[in-house]
1. From THR244, THR249, THR240, grab the single residue that is under 26 Å from LEU9 (Cα atoms), touching a residue at least 40 places away in the same chain (Cβ under 8 Å) and either in the same structural domain as ILE100 (by TED's automatic domain parsing) or surrounded by fewer than 23 Cβ atoms within 10 Å (Cβ to Cβ) (or both).
2. I'd like to verify a number: residues in the range 333-363 that are assigned to a loop (DSSP other than H, G, I, E, B) and among the charged types (D, E, K, R), how many?
3. Of the conditions (1) under 20 Å from ALA134 (Cβ atoms); (2) at pLDDT 95 or above; (3) surrounded by fewer than 20 Cβ atoms within 10 Å (Cβ to Cβ), TYR379 fails just one. Which one is it?
4. Please go through the range 222-237 and give me each residue that is crowded, with 20+ Cβ neighbours inside 10 Å, in contact with a Pro (Cβ under 8 Å, 6 or more places away or on another chain) and of a type outside the set (Gly, Ala, Ser), ordered by number.
5. Of all helices (runs of 4 or more DSSP H) completely enclosed by the range 152-231, which ones contain at least 1 residues that are basic (Lys, Arg)?
6. Looking at GLN140 and the list (1) in a loop (DSSP other than H, G, I, E, B); (2) assigned by TED's automatic domain parsing to the domain that holds GLU255; (3) free of Cβ contacts under 8 Å to residues at least 12 places away in the same chain, which single condition is not satisfied?
7. Which strands (runs of 3 or more DSSP E) sit wholly inside the range 29-82 and have at least 2 residues that are under 16 Å from VAL260 (Cβ atoms) and outside the structural domain of VAL227 (by TED's automatic domain parsing)?
8. Return the pairs, sorted by first residue and then second, in which the second residue is among the β-branched types (Val, Ile, Thr) and in a loop (DSSP other than H, G, I, E, B), the first residue lies in the range 61-78 and is surrounded by fewer than 16 Cβ atoms within 10 Å (Cβ to Cβ) and modelled with pLDDT of 95 or more, the beta carbons are less than 8 Å apart, and the residues are 6+ apart or on different chains.
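The values are calculated or read from the model by the stated rules, or taken from the named source; none is laboratory data. Since we're looking at a predicted model, the values are computed, not measured. Cβ coordinates were reconstructed from backbone atoms using ideal geometry, including for glycine residues, and neighbour counts include every protein chain displayed.
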Amino acid sequence: MQDTLKLRLLSTDEVATIREKCLLLLSQMGMRVDHEGVLKLLDQAGAQVDWDTRDVRFPVDLIESAITTVPGDLTVKGAEERHDCRIPHPDGLFYGCTNIQSMLHWDPDEKRFVDNSAERFAKWCQLVEVLDEARICAIQTPMDVPAESAEVHALSIQLQNTAKPLWMHAFSREAVPFMFELMVARMGSIEALRERSLVIINPGTVSPFIIKEMDAEEILQACHHGVPISSDGHVMTGVTSPMTIAGSTLQNCAEVLGHVVICQVIKPGHPIMMTHFNCPADMASGFATLATPSANVQRSAGAQVCKEGFGIPVSACPIMTDTYCTDGRSVTEKALGGLISAMAGTDIAYGMGRLGGATLASPIQLVVDDQLVALVKEYIRGVQVDDEHLAVDEILAAGIGGSVVRSKHTLRHCRDYV
């Protein structure tokens with residue numbers, strides 16, 4: 001039976017220990033939630049709310065109850081069914097996602113970085129539409145639209161230029177309802193949006209342990225509109241989370257688990273993924289790194305905890321690089337990160353097209369990454385062992401010193417490994 005190549009960085013006991021400590025952090029320290037409406041819902045559900053500080057402590061039984069109601073599978077839907085992403089992947093693989101929020105694009109003609117624009121982002125979305133492995137198109141930041149509503153303009157561009165699922169994120173609390181109104185308008189009704197959700201939304205944490213009003217509102221609106229969620233922890237190792245891989249893995253899991261509890265309190269059974277978008281600090285400069293070994297090991301350990309410890313699907317940002325050009329280093333870093341993350345069971349791998357820093361994107365890198373993701377999938381796909389693939393009859397028919405070049409079996413499978 002075919003299976004994919006797997007990697008377990010943690011033992012079963014270690015996963016259980018990290019799970020236990022996640023519950024300890026959320027029950028004894030909790031999180032700050034800057035959203036009055038969500039605080040009221042948490043209070044009604046039995047959480048301990050300090051109304052002066054807006055800090056919330058989650059009872060262990062409330063956390064455990066939330067974990068049990070999260071679906072183990074979901075479908076990230078685009079405007080057209082042919083682009084839907086079923087999670088877990090039917091073949092045990094993963095889905096590639098492009099990079100988010102980029103304000104600068106590499107211009108291959110001018111050979112320099114230029115401001116992202118509505119036109120450039122539209123062309124980017126059109127490129128994503130025709131690439132095989134870029135299965136989800138993440139929102140970016142065109143710089144020639146009003147800054148106060150840049151994400152609304154960007155979402156409109158996405159909806160007009162690709163039918164693939166969209167990775168959505170607001171940049172301000174005020175924009176959140178407008179983005180959902182735009183999606184309802186695209187589908188014709190809120191019922192139609194609930195049936196075909198178009199996007200997966202990406203709220204995050206201001207690490208350590210703060211959920212802004214904007215992100216809480218994203219969760220609230222997503223639950224109301226039937227849009228799946230993929231919540232980030234955003235820990236910065238050595239700055240907002242412990243310097244150690246185990247400590248930062250624990251904190252990222254705990255922060256995102258807080259999102260899970262909020263989501264399930266609002267709407268039990270709503271689909272949510274746990275996301276690992278961690279950036280270890282370069283302690284010499286203070287800069288955030290994206291593609292160091294510790295970053296990728298932490299993401300992979302976190303993926304294992306989320307899947308084995310909580311039974312919740314996982315997204316991460318492994319297709320990353322710390323270089324600012326498409327070169328051997330960018331390919332090496334993205335390939336290593338993508339491979340270890342895929343082996344650890346990540347369901348959505350983010351970062352296609354991204355270069356170093358938080359704002360850079362390159363259409364050239366996007367095409368390279370499309371091929372890279374295809375190669376990573378071949379490495380982890382596993383080996384099919386059955387009569388058709390063992391091909392004993394073909395071996396016997398060719399005989400000693402023979403050839404299978406003209407065999408129908410060769411013709412059937414010659415494209416399988418391209």
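1. Details: THR244 fails: touching a residue at least 40 places away in the same chain (Cβ under 8 Å); THR240 fails: touching a residue at least 40 places away in the same chain (Cβ under 8 Å).
Within the list THR244, THR249, THR240, the selection yields THR249.
2. Step one: of the range 333-363, the residues assigned to a loop (DSSP other than H, G, I, E, B) are 344-347, 353, 355-359, 362.
Still in the list and also among the charged types (D, E, K, R): 347.
Looking only at that region, the number is 1.
3. Unmet for TYR379, out of (1) under 20 Å from ALA134 (Cβ atoms); (2) at pLDDT 95 or above; (3) surrounded by fewer than 20 Cβ atoms within 10 Å (Cβ to Cβ): (2).
4. PRO228, ILE229, ASP232, VAL235, THR237
5. Values: elements: 176-187, 190-195, 213-225.
By residue number, 176-187, 190-195.
6. (3)
7. On the way: elements: 31-33, 48-50, 55-57, 74-76.
Qualifying strands (runs of 3 or more DSSP E): 31-33, 55-57.
8. As it stands, the answer is GLY72/ILE312, since those pairs meet every condition given.
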